[in-house]
Amino acid sequence: MKIALIGYGKMGKMIEQIALSRGHEIVSIIDIDNQQDFESEAFRSADVAIEFTAPQAAYGNYIKAWKAGVKVVSGSTGWMNEHGDEVRKACNEEGKTLFWASNFSIGVAIFSAVNKYLAKIMNQFPQYDVEMEETHHVHKLDHPSGTAITLAEGILENIDRKEAWAEDTTDPRLLRIDHIRRGEVAGIHTIRYDSDADIITITHDAHSRQGFALGAVLAAEYTQQHQGLLTISDMFNF
């Protein structure tokens, strides 16, 4: 498969290594200083572009890739509120393809499924309050993380006593999400159900970004054969 990379930071470089190890070809690498390469023959030859950039750049990158006729796999977060409707229309009505996930880790996909199942069980036990904490490296500026938001949505779908998520809240109707930024932490997400009698905790702790990078390449392999607006739940049927 021919892959283009959009964004060439730590994640982009790790994706490149894993893609090459799986027999794929990197035909184009686009970063902030060569945006004109979106119009190059090399970029247009890609089967899939894998995009990991900043929230403010992501949607524009999708548009440029689609204009070149290239499918996109993206792990960028923070653009959904402003451009979600436009992306859904492009994929559902205009034939474009985007595989988007807040986190491509296989472990997080499993953790997310466990999270939803546990929330469904805990809906029957109102004596347990639920809250979440996410920890990432100091370079991550947005909060809460996209993964935390996705996990929160899985809880809200299944627990009737919570209406929405929020940071820095004491409102019992809201799912509280706390964030910590320290060192070079790849990502830790913890969900706690606390009662007067005991506490139930589940945690996903990423050792490195390698799991995210591998998942992104697996998503690209999946995306080559599919179209539309794709998610982790399409690739993994838990």
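The values are calculated or read from the model by the stated rules, or taken from the named source; none is laboratory data. Since the structure is predicted, the reported quantities are computational estimates derived from the model, not experimental observations. Neighbour counts run over all protein chains shown; Cβ positions are idealised from the backbone, glycine included. The accessibility values were calculated without ligands, DNA or RNA, using every heavy atom of the protein model including side chains. Shrake-Rupley method; radii C 1.70, N 1.55, O 1.52, S 1.80 Å.
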field: Those residues of the stretch 63-90 which are under 20 Å from Ala19 (Cβ atoms) and of a type outside the set (Gly, Ala, Ser), in sequence order
entry: Val70, Lys71, Val72, Val73
- line: Sole miss for Pro144 among (1) open to solvent by less than 60 Å² (accessible area, probe 1.4 Å); (2) of a type outside the set (Lys, Arg); (3) modelled with pLDDT of 95 or more; (4) part of a loop (DSSP other than H, G, I, E, B) is condition (3)
query: From the list Asp85, Asp47, Asp37, which residue is farther than 27 Å from Ala148 by Cβ and under 22 Å from the mean Cα position of the chain (by Cα)?
result: Asp47
- prompt: Mind checking which residues of the stretch 1-30 are in contact with an Asp or Glu (Cβ under 9 Å, 6 or more places away or on another chain), of a type in the set (D, E, K, R) and within 28 Å of Val185 (Cα to Cα)?
  reply: Arg22
- request: Considering (1) part of a strand (DSSP E or B); (2) basic (Lys, Arg); (3) out of contact with any strand residue (DSSP E or B) (no Cβ under 7 Å at 6 or more places or on another chain), say which one Arg161 fails and leave the rest.
  value: (1)
message: Among the residues of the stretch 72-115, what is the count of those that are farther than 19 Å from Glu153 by Cβ, outside any helix (DSSP H, G or I) and open to solvent by 30 Å² or more (accessible area, probe 1.4 Å)?
response: 3
- request: Mind listing just one residue for me: the one in the stretch 164-190 that is touching a His at 6+ places or on another chain (Cβ under 9 Å) and part of a loop (DSSP other than H, G, I, E, B) and, of those, farthest from Gly107 (Cα to Cα)?
  value: Glu167
